[in-house]
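Novice: One structure, pasted below without further comment.
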Amino acid sequence: MTRIFRRQMRLAALLLCATLAAPLAIPHSAHAEITGTPEALDADTFDIGMVRIRLHGVDAPELSQTCTHEGGGTWPCGARALERFRELAGQGRVVCTGRERDPYGRIIATCEAAGVDIGRALVSEGLAWAYREYSDDYAPEEARARAAGLGIWQAETQTAWAFRADRWQRAAASAPRTGCPIKGNINGKGERIYHTPWSKYYSRTKINEANGEAWFCDEAEAEAAGWRPAANR
């Protein structure tokens with residue numbers, strides 16, 4: 001193989017990598033459009049192709065989270081929110097307008113399907129909180145859902161951010177790596193999957209570092225090391 005040919009092959013490989021990585025190269029200030037079929041991790045976080053997207057202005061219940069029912073007891077608000085997200089996303093082509101990139105590398109975006117703002121719909125139906133720490137865009141919808149006692153507002157319940165913080169604090173206190181409770185598991189197929197403290201199967205997942213499994217301090221660290229999030233996170 002000649003030197004020139006080797007250089008051409010390396011250039012072709014670099015161009016291919018750049019093409020594959022292009023969807024991730026969205027500037028912080030760009031209003032880029034991302035379209036496609038979402039693969040949901042939960043009701044407010046999903047992938048379109050190689051791009052991980054977090055819905056702007058909302059915080060939906062975590063998939064393993066339950067909420068208080070009006071008549072007592074609990075209901076699976078996280079699972080119901082995810083189900084509704086899939087229903088909304090399935091009504092037409094999903095079009096997301098990127099706003100910025102968060103510390104975890106996700107694109108914060110407003111997303112629509114068949115002309116319906118998915119985040120707005122979730123908040124309006126009481127299946128997500130308006131994430132006021134970052135935006136008040138859906139505060140009016142939240143106020144109406146709360147007044148009507150819809151979904152998460154039918155009884156006093158823990159917010160998604162409080163749920164995550166509570167699970168994190170308890171897991172971090174007992175993790176082998178202080179403050180690093182994310183479990184990097186390798187399943188029977190050799191797949192590297194990480195579980196956050198609020199993941200559905202977190203408590204039953206055991207970590208054997210001698211077999212290459214690991215503990216991580218945050219999701220960005222786990223993904224940089226080659227682990228992907230659990231499907232039932």
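Novice: Which residue out of Lys183, Lys189 is basic (Lys, Arg) and touching a strand residue (DSSP E or B) at 6+ places or on another chain (Cβ under 8 Å)?
Specialist: Lys183
Novice: Among the candidates Tyr134, Tyr138, which residue alone is in the same structural domain as Ala109 (by TED's automatic domain parsing), closer than 25 Å to Thr110 by Cα and at pLDDT below 95?
Specialist: Values: Tyr138 fails: at pLDDT below 95.
Exactly one of Tyr134, Tyr138 is in the same structural domain as Ala109 (by TED's automatic domain parsing), closer than 25 Å to Thr110 by Cα and at pLDDT below 95, namely Tyr134.
Novice: Here is a further query. Inspect all residues belonging to the stretch 148-158 and state whether any of them is surrounded by fewer than 21 Cβ atoms within 10 Å (Cβ to Cβ), of a type in the set (Asp, Glu), part of a loop (DSSP other than H, G, I, E, B) and over 21 Å from the mean Cα position of the chain (by Cα).
Specialist: Taking every residue of the stretch 148-158 in turn, at least one turns out to be surrounded by fewer than 21 Cβ atoms within 10 Å (Cβ to Cβ), of a type in the set (Asp, Glu), part of a loop (DSSP other than H, G, I, E, B) and over 21 Å from the mean Cα position of the chain (by Cα).
Novice: Would you point out the residue of the stretch 190-201, among those that are at pLDDT 90 or above and more than 16 Å from the chain's Cα centre (by Cα), that is nearest to Ala222 (Cα to Cα)?
Specialist: In this case the residue turns out to be Arg192.
Novice: Might you let me know whether the stretch 98-117 holds any residue that is of a type in the set (A, V, I, L, M, F, W, C) and within 20 Å of Gln158 (Cα to Cα)?
Specialist: No, the stretch 98-117 has no match at all.
Novice: Let me ask something else. With the requirement that a residue be among the aromatic types (Phe, Trp, Tyr) and more than 24 Å from Glu83 (Cβ to Cβ), what does the stretch 125-139 give you?
Specialist: Scanning the stretch 125-139 gives a single hit, Tyr134.
Novice: Could I ask something else about it? What number of residues within the stretch 194-220 are part of a loop (DSSP other than H, G, I, E, B), aliphatic (A, V, I, L, M) and surrounded by 18 or more Cβ atoms within 10 Å (Cβ to Cβ)?
Specialist: Residues flagged as part of a loop (DSSP other than H, G, I, E, B), aliphatic (A, V, I, L, M) and surrounded by 18 or more Cβ atoms within 10 Å (Cβ to Cβ) within the stretch 194-220 amount to 0.
Novice: Based on this model, can you work out whether Ala165 counts as among the small types (Gly, Ala, Ser), under 20 Å from Gln65 (Cβ atoms) and surrounded by fewer than 16 Cβ atoms within 10 Å (Cβ to Cβ)?
Specialist: Yes; evaluated as a whole, the condition is true for this residue.
Novice: If you don't mind, there's one more thing I want to ask. Exactly one of these conditions fails for Ala109: (1) part of a loop (DSSP other than H, G, I, E, B); (2) touching a residue at least 24 places away in the same chain (Cβ under 8 Å). Give me its number.
Specialist: Tallying (1) part of a loop (DSSP other than H, G, I, E, B); (2) touching a residue at least 24 places away in the same chain (Cβ under 8 Å), Ala109 fails exactly one: (1).
The values are calculated or read from the model by the stated rules, or taken from the named source; none is laboratory data. Please read these numbers as outputs of a predicted model, since none were measured by experiment. Glycine gets a Cβ as well: all are built from the backbone with ideal geometry, and neighbour counts include every protein chain shown.
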